[in-house]
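Student: Just passing along the structure, written as structure tokens.
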Amino acid sequence: MSRPPPDWLAAFIAAERLPPAFAETVERVWRPLAGRIAAAARGRGPGFVVGICGPQASGKSTATAVLARLLADHGLSAACLSIDDLYLTREERRRLAERTHPLFAVRGPPGTHDVDLGVRLMEALARPGAVALPRFDKAADTRRPEAEWDEVRAPVDVVLFEGWCVGARPQAPEALRRPVNALERERDPQGVWRAYANAQLEGPYRALFDRIGLLILLAPPGFETVLAWRREQERKLRERLAREGRDLALSMDDDQVAEFIAHYERLTRHILAEMPARADEVVRLDAERRPLSP
């Protein structure tokens with residue numbers, strides 16, 4: 001008979017509406033991984049960056065929150081930072097779209113993040129002082145006011161940096177020539193949008209991703225699974241908006257989700273093909289987002 005989960009984990013499972021079996025996943029997958037992170041972080045100084053990459057709705061934020069709590073059992077402090085919270089504001093993306101390509105009005109691809117902000121935050125998290133971490137409101141599609149940012153005390157031992165393209169590398173130029181879906185074929189026929197995003201990975205994003213000291217990949221069975229996960233995530237957003245009395249138009253229906261995630265398809269497929277060979281840890285997921293046995 002298995003022992004009951006610790007109080008903090010039982011409370012977390014209830015608050016996040018996770019299945020009871022998640023407690024077993026923590027013991028089997030996340031607790032050993034926290035031990036590896038702790039071993040890697042010791043002796044490296046404050047602000048050791050752990051990159052956690054995974055496609056949309058793969059459970060990155062849940063895993064990150066659990067890892068932060070487990071690192072405390074090792075006597076290490078951790079700050080959680082999502083690349084989503086580095087998105088340019090809606091107005092900034094509008095101006096980017098006018099300068100480069102209309103598709104950059106939609107958040108997601110490299111080029112739609114404030115890379116300099118991310119670098120400054122990582123530097124600040126390694127020094128003494130208070131650090132305000134930005135938060136992005138996906139329903140409003142823009143960054144929250146600074147008064148609503150979360151404040152943490154630095155330095156922290158570990159920065160858990162999660163996101164759908166964290167640690168991604170650019171594609172070879174010849175790989176950009178053929179569209180991967182209707183969105184690219186019809187709205188980026190000359191490849192301007194995808195070439196610009198790829199150049200961002202080759203250039204500015206390296207200053208952010210080169211700070212990663214240990215890279216973890218959450219790998220689903222394939223890109224097709226991600227669409228179902230993202231639709232489920234958006235349905236939960238609609239439920240939350242309804243509970244809060246907010247406009248349901250701030251969320252997307254299933255067709256809108258399919259169009260939205262098409263912006264992520266090229267790089268997601270590239271990551272799933274290329275990153276497993278170089279990631280420090282690969283956590284393979286089944287279609288229900290359950291980590292498979294190591």
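The values are calculated or read from the model by the stated rules, or taken from the named source; none is laboratory data. No experiment lies behind these values; they were computed from the predicted model shown. Glycine gets a Cβ as well: all are built from the backbone with ideal geometry, and neighbour counts include every protein chain shown.
Student: If you check Leu227, Leu208, which single one turns out to be at pLDDT below 95, touching a helix residue (DSSP H, G or I) at 6+ places or on another chain (Cβ under 6 Å) and either assigned to a loop (DSSP other than H, G, I, E, B) or of a type outside the set (Phe, Trp, Tyr) (or both)? Write out each step before concluding.
Tutor: On the way: Leu208 fails: at pLDDT below 95.
Within the list Leu227, Leu208, the selection yields Leu227.
Student: If I filter the range 144-154 for residues that are in contact with an Asp or Glu (Cβ under 9 Å, 6 or more places away or on another chain) and surrounded by 19 or more Cβ atoms within 10 Å (Cβ to Cβ), do I get at least one hit?
Tutor: There is no residue in the range 144-154 that is in contact with an Asp or Glu (Cβ under 9 Å, 6 or more places away or on another chain) and surrounded by 19 or more Cβ atoms within 10 Å (Cβ to Cβ).
Student: Please indicate, with yes or no, whether at least one residue in the range 279-287 is touching a residue at least 60 places away in the same chain (Cβ under 8 Å) and in a helix (DSSP H, G or I). Let's see the steps before the verdict.
Tutor: Filtering the range 279-287 down to residues touching a residue at least 60 places away in the same chain (Cβ under 8 Å) leaves 279-287.
Filter once more, so that each one left must be in a helix (DSSP H, G or I): none.
No, the range 279-287 contains no residue that is touching a residue at least 60 places away in the same chain (Cβ under 8 Å) and in a helix (DSSP H, G or I).
Student: Is one or more of the residues making up the range 257-273 modelled with pLDDT of 95 or more, outside any helix (DSSP H, G or I), basic (Lys, Arg) and within 17 Å of the chain's Cα centre (by Cα)?
Tutor: no
Student: Does the range 100-113 contain at least one residue that is under 14 Å from the mean Cα position of the chain (by Cα), closer than 25 Å to Leu70 by Cα and crowded, with 17+ Cβ neighbours inside 10 Å?
Tutor: no
Student: Any idea how many residues of the range 26-59 are modelled with pLDDT under 95, touching a strand residue (DSSP E or B) at 6+ places or on another chain (Cβ under 7 Å) and surrounded by 18 or more Cβ atoms within 10 Å (Cβ to Cβ)?
Tutor: So the answer is 2.
Student: Taking the condition of being of a type in the set (Asp, Glu) and touching a Leu at 6+ places or on another chain (Cβ under 8 Å), how many residues in the range 95-140 meet it? Quick ask: steps written out before the conclusion?
Tutor: Step one: of the range 95-140, the residues of a type in the set (Asp, Glu) are 98, 114, 116, 123, 137.
Next, only the ones that are touching a Leu at 6+ places or on another chain (Cβ under 8 Å) stay: 114.
Number of matching residues: 1.
Student: Still on this structure, please answer the following. Grab the helices (runs of 4 or more DSSP H) fully contained in the range 18-133, keeping just those with 1 or more residues being among the acidic types (Asp, Glu).
Tutor: Values: elements: 22-25, 31-41, 60-72, 90-99, 115-125.
So the answer is 22-25, 90-99, 115-125.
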